[in-house]
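What follows is calculated from the coordinates using simple rules that are stated; it is not laboratory data. Predicted, not measured: the structure shown is a model, and the values here were computed from it. Positions of Cβ are backbone-derived with ideal geometry, glycine not excepted, and every protein chain shown enters the neighbour counts.
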Amino acid sequence: MTKKKETTIEDLAAMIAKGFEDTATKSDIKRLDERISRLDHRMNERLIVIERDIAEIRSHFVYRDEFEDLAERMKYIELKLGIESGK
């Protein structure tokens with residue numbers, strides 16, 4: 001039969017110290033916070049560009065019902081003037 005080794009205070013201290021090796025320090029958290037802040041800033045800059053692009057697209061946007069109304073009126077004018085449609 002194998003004899004079980006008794007755990008000493010030093011063994012426990014070593015186990016606890018080993019466990020803390022993977023624990024984040026305050027400087028780790030500070031660096032992570034700085035990286036997140038930089039990322040947030042970059043994302044906000046990109047969002048501003050996207051919003052500006054969308055506003056530009058909207059300024060040239062024609063709603064479908066307006067387009068259909070205009071197409072019908074154009075068809076009527078072409079018919080009255082005897083113009084063949086490009087379709």
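Yes/no matrix, rows are residues, columns are (1) of a type in the set (Lys, Arg); (2) in contact with a strand residue (DSSP E or B) (Cβ under 6 Å, 6 or more places away or on another chain); (3) part of a helix (DSSP H, G or I):
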residue	(1), (2), (3)
ILE36	no, no, yes
ARG46	yes, no, yes
ILE54	no, no, yes
PHE61	no, no, no
MET74	no, no, yes
GLY86	no, no, no
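Are there any pairs with C-beta distances below 9 angstrom linking a residue in the range 63-75 that is free of Cβ contacts under 8 Å to residues at least 40 places away in the same chain and surrounded by 10 or more Cβ atoms within 10 Å (Cβ to Cβ) to a residue that is small (Gly, Ala, Ser) and part of a loop (DSSP other than H, G, I, E, B), with the two at least 6 apart or on different chains, and if so which?
MET74/SER85; LYS75/SER85
For GLU6, which of the numbered conditions (1) surrounded by 10 or more Cβ atoms within 10 Å (Cβ to Cβ); (2) not in a helix (DSSP H, G or I) fails to hold?
(1)
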